[in-house]
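The values are calculated or read from the model by the stated rules, or taken from the named source; none is laboratory data. Computed from a prediction, not measured in an experiment: that's the story for all the values here. Methodologically, a virtual Cβ is constructed for each residue, glycine included, from the backbone with ideal geometry; neighbour enumeration extends over all protein chains shown. Ligands, DNA and RNA are stripped out before the accessible areas are found, and what is left, the full protein with its side chains, is counted by its heavy atoms. Shrake-Rupley method; radii C 1.70, N 1.55, O 1.52, S 1.80 Å.
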2 protein chains.
Amino acid sequence: MFVNALPRYEILSEEAIDVLDRGWRRIVSELGIEFLLPEAVEVFRAAGQTVEDENRVRFDPDFILDCVAKAPREFDLAARNPEHSVHIGGDQMVFAPVYGCPFIREGAVRRDAKMADFENLVRLAQSFPELDSPGGTICEPEDRPLDSRHLDMVFALQTLSDKPYMGSVTSAGNAADTIAMGEILFGGREAIEAAPASISLINVNSPLRFDDRMLGAMLEYVRAGQPVVVTPFLLMGAMSPVSLPATLVQQIAEALAGIALTQLVRPGCPVVFGSFLSNTDMQSGSPSFGTPESAIGVLCTGQIARHFGLPWRGGGALNASQTVDAQAAYESLMTFLPTFLAGANFVMHSAGWLEGGLVSCYEKFIVDIELLRELRHMFAPLEIDEASLAFSAHEEVGAGGHFLGAVHTLERFRECFYRPLLSSTENFDRWSRNGGRDATERAGEIWRATLESYEQPPLDDALRAELEEFVTRRRAELGD
Amino acid sequence: MFVNALPRYEILSEEAIDVLDRGWRRIVSELGIEFLLPEAVEVFRAAGQTVEDENRVRFDPDFILDCVAKAPREFDLAARNPEHSVHIGGDQMVFAPVYGCPFIREGAVRRDAKMADFENLVRLAQSFPELDSPGGTICEPEDRPLDSRHLDMVFALQTLSDKPYMGSVTSAGNAADTIAMGEILFGGREAIEAAPASISLINVNSPLRFDDRMLGAMLEYVRAGQPVVVTPFLLMGAMSPVSLPATLVQQIAEALAGIALTQLVRPGCPVVFGSFLSNTDMQSGSPSFGTPESAIGVLCTGQIARHFGLPWRGGGALNASQTVDAQAAYESLMTFLPTFLAGANFVMHSAGWLEGGLVSCYEKFIVDIELLRELRHMFAPLEIDEASLAFSAHEEVGAGGHFLGAVHTLERFRECFYRPLLSSTENFDRWSRNGGRDATERAGEIWRATLESYEQPPLDDALRAELEEFVTRRRAELGD
């Protein structure tokens, strides 16, 4: 877990926030939000909100704010290894890898994702201390049956990693399975209600609609006190207007309406203000990532979430590139650096994202770990005091001298600067002699070596057996 | 010329600035700075400063500040096409390409730079409106004689581009030639003294030393009222201690001492607080670029230059990579985005820099133009008002709808988002069918097409003939 020591970079004036405030109020009160689950609609009706056309809820904006005020500003998320438990909110930043990709890229090969890839990527996430979580659907294991693959995924997350993990959200039943497996691993329902054992991504079916499956999963988690990340899914030009301010107010309206539901169902349940905001490339019609618009969106979202007193999710190492080239790198950093400037509390897609999120890529995973390491170094405290001025080094070296052999340097050379994992400063001759490999080729060697040295974190045999029994039984019940 | 509309990102506390302030005062007063040109030493002696060991000047720090206060906070730099004249200081950012590289990379080929490359790179700088200047030594034309190659370079800068250019600094004589050619192009000495016609890079021979050649060139320019960029050359661990605060105080001491000299020689002469600050890779012993340390250095330098009321130079698209790969891209943006956050007024190395500055690379030039375009878009004003909320688009589309065909979208789709020059959002199938070219391959096509469509800016025949005569005469005088 990383504490961001630099100031937040805020670009919205008070006047701008007032305009946005009027905007989301108008959306929720005049247009309303659709909830395609009768149970959710009833919760709002019972709380006095207006229901139209069966599932459209029109809100009193102040009612939403009253509900939102019940959500905690920060909360803990437990790992089975207590050293890996995290705190979400404040200056903390928690990082999880890519999520939801049907495809894999490994070197020059692009193919369907398999369970073996899922397991390998979880092992990589476990291996790098820069990642706080293996996430959830780190790829979609297409070789496992659709109805029961969530069991395989949660089992892999629980056993191959000892960091906090994300739950399945494809249905209420899958959420219930995730919760049951958390109860086994963490010692029962009371234990996970006291210290949440999973965090789950609830996407809004933007614009202005929550679908029944996501709502079903959300209610399941919230009743168990497990945090959810309520995330409007906004590609401007497709799910929202081609205007960043319009998209920001839509994001507020959708996220706050969902968060209000969580607090009506279980006041005080931990919840995260989510953002997934980029734009459509109006020439190709495809999604763009790592754009100037998405960078500004991240900065604004951070400021907005703090305005409402909520921990927030946003950013990551997003890009639209088809391969691990210069574009993949600059687009990723174009989102990732603003993620740090804005101080996102929960960061999905921190490693491995390629091709607009269709691909989990092994080499990109390593490139992103390098970015994450560099950014964590950059946003660390900068200590400026008398000792840091190293006056004695100047006295020693003098005008026109060289500091490489100075006592001050020799005492500090191992720790004084960031040490790269992937980047090379070899001079051209040496680099050529060593094979002239570019960063992507070197990344290939690093992920393979990391998997080779991976050690599975220990787990009590009885617990493992109980989890296996659960998975076997439920898989049979689901007909797979 | 670009006006940076977002706020500056400042990370130094007042206490930190006080510590740095005490630090540079101690360096200039207790250690002093060496000036290896007797004429410069005499200027300081005559002004009452202490001279030791022939060329070491120990300063009263308040005397330095008194001199520095005479420098303008902002100034104009003329282009022969008045539409391309720029203003340096305030919220303005002026961009020039890479400078000083002995080698060229073109695709997979790395070779000595030639005059033809110099000319091509100037043509590229002229072609892209994102660059305000073709810079100066955009590469070192190794096929031209060392003693007269500055004439060829200045002639190419003056005739292939109509943007402001940088002067030669390798000696007082070369500076005098640059000034003389500026007088020809801009209509005489009075004209260029009234509206400076070149800007020149004066590097400090750090630590704590100005050499005779740079000082000779600097005095030549300053006497003619031509702006100089006084730039400590600081790779931490080599030219400065392995401590960022120590390096920042050294940078202040060196830059302010040089700037004091300019103001003693010609009070009010435009001058820029320069920064070239990165670190040595302590494992390879080679310079690193695009590091967390250099990013923080850029942020701090901006704040420091504003503290002293000076326009400043720093940042760029720096990297240590040997090829145009992911590393080249992320390291470049790791410096370039902070360059914008810090609001650098004059940005060298904005396009084409590769391999720690040894290589001017055609493909990297295009990658950097894309970064520059994106960053200019990101740091543009964000207008948030009632109209930008596009409420009518929400009314039109409704819950669960799609905005691609909305009236609001159709009215704006051409201009609503950043349009990439290089980045691709093609889906995988289309991208594969189109050749599966990565960003670097696509960049190769872009620079070639740009050169093909290049048009030389018009120049009066008599002026051109006069410049040619000057070059021919001086070349002969220099024995080449």
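Taking a span of 27 Å or more along the helix axis (Cα atoms) and a mean Kyte-Doolittle hydropathy of at least 0.5 as the rule, the DSSP H helices of chain B that qualify are B:244-265. By the helix-only formula, in which each DSSP H run with n ≥ 4 contributes -39500 (n - 2.57) and the sum is divided by residues, chain B has a 222 nm mean residue ellipticity of -13500 deg cm²/dmol. Once backbone amide H atoms are built at 1.01 Å from N, B:Ser360 has B:Phe103, B:Ile104, B:Arg105 as its partners under 5 Å, excluding neighbours fewer than 5 places away on the same chain. Less than 5 angstrom separates the built amide H of B:Ser240 from those of A:Phe403, B:Leu235, all sequence-distant by 5 or more or on a different chain.
The candidates B:His402, B:His408, arranged from most to least accessible area with a 1.4 Å probe in the full protein assembly, appear as B:His402, B:His408. Summed over all non-identical Cα pairs, the Kirkwood treatment of the range A:262-347 gives a radius of 13.7 Å. Shape class for the range A:80-234: rounded, because the ratio a/c of the largest to smallest gyration tensor axis (alpha-carbon atoms, square roots of eigenvalues) is under 1.5. Accessible surface buried by the A/B pair amounts to about 9400 Å², both sides summed, 1.4 Å probe.
Each DSSP beta bridge with both residues in the protein assembly as shown is either parallel or antiparallel, and the antiparallel ones are about 40%. Rounded to the nearest 5, what % of the DSSP beta bridges within chain A are antiparallel ones? Expressed as a percentage, antiparallel bridges in chain A total about 40. Secondary structure note: in the range B:162-241, about 0% of the DSSP beta bridges are antiparallel. Proximity of backbone amide H atoms, modeled 1.01 Å from N, is registered between B:Asp281 and B:Ser286, B:Ser288 at under 5 Å, excluding neighbours fewer than 5 places apart on the same chain. When the GluC sites (Glu not before Pro) in the range A:425-468 are filtered for DSSP coil states and for at most 12 other beta-carbon atoms within 10 Å of their beta-carbon, the remaining sites are A:Glu455.
Once the C-beta distance of B:Asp91 and B:Glu15 is scaled by a Förster radius of 25 Å, the resulting FRET efficiency is 0.40 to the nearest 0.05. The alpha carbons of the range B:37-99 give a radius of gyration and a Dmax of 17.7, 50 Å, in that order. Distances from A:Ile184 to itself in the other copies, using label points 7 Å out along the Cα-Cβ axis, amount to 8.5 nm in increasing order.
On full extension, the segment bounded by B:His307 and B:Arg8 gains 106.3 nm, given 0.36 nm per residue less the C-alpha separation.
So, with +1 on the Cβ of K and R and -1 on the Cβ of D and E, and no other charges, what is the size of the charge dipole of the range A:355-461 about its Cα centre, to the nearest 20 debye?
With only Lys, Arg, Asp and Glu charged at Cβ, the dipole is about 420 debye.
Applying both filters, DSSP loop and at most 15 other Cβ atoms within 10 Å, to the chymotrypsin sites (Phe, Trp or Tyr not before Pro) of the range B:179-236 eliminates every site. Could you pull out the pairs from A:Lys163/A:Lys364; B:Lys70/B:Lys364; B:Lys114/B:Lys364 whose alpha carbons sit more than 29 Å apart here? Table pairs above 29 Å Cα-Cα are B:Lys70/B:Lys364. Per-residue surface analysis assigns B:Thr137 an accessible area of about 20 Å², computed on protein heavy atoms at 1.4 Å probe radius.
Of the whole protein surface, A:Asp21 contributes about 40 Å² of accessible area at a 1.4 Å probe radius. At the residue level, B:Asp385 shows approximately 70 square angstrom of accessible surface with a 1.4 angstrom probe and all protein chains present. When Rg and the Kirkwood radius Rh are both evaluated on Cα atoms of the protein assembly as shown, their ratio Rg/Rh stands at 1.01. At an R0 of 45 angstrom, the distance between the Cβ atoms of A:Glu74 and B:Ala194 translates into a FRET efficiency of 0.15. Of the GluC sites (Glu not before Pro) found in the range A:337-412, those in coil by DSSP whose Cβ has at most 14 other Cβ atoms within 10 Å are A:Glu383, A:Glu411. Applying 1/(1 + (r/R0)^6) with R0 = 22 Å to the Cβ-Cβ distance of B:Arg448 and B:Glu468, what FRET efficiency is obtained, to the nearest 0.05? My answer for the efficiency is 0.15. Taking B:Asn81 in one copy and the same position in all the others, each labelled 7 Å out along Cα→Cβ, what are the pairwise distances from the first, in nm, shortest first? Taking the point 7 Å beyond Cα along Cα→Cβ, the inter-copy spacings are 6.0 nm.
The share of accessible area on the range A:348-480 that comes from carbon and sulfur is 48 percent, using a 1.4 angstrom probe.
Calculated over chain B, the projected area of the Cα convex hull averaged across directions stands at 26.3 nm².
For the protein assembly as shown, the per residue solvent-accessible surface stands at 33 Å², with DNA, RNA and ligands left out and a 1.4 Å probe.
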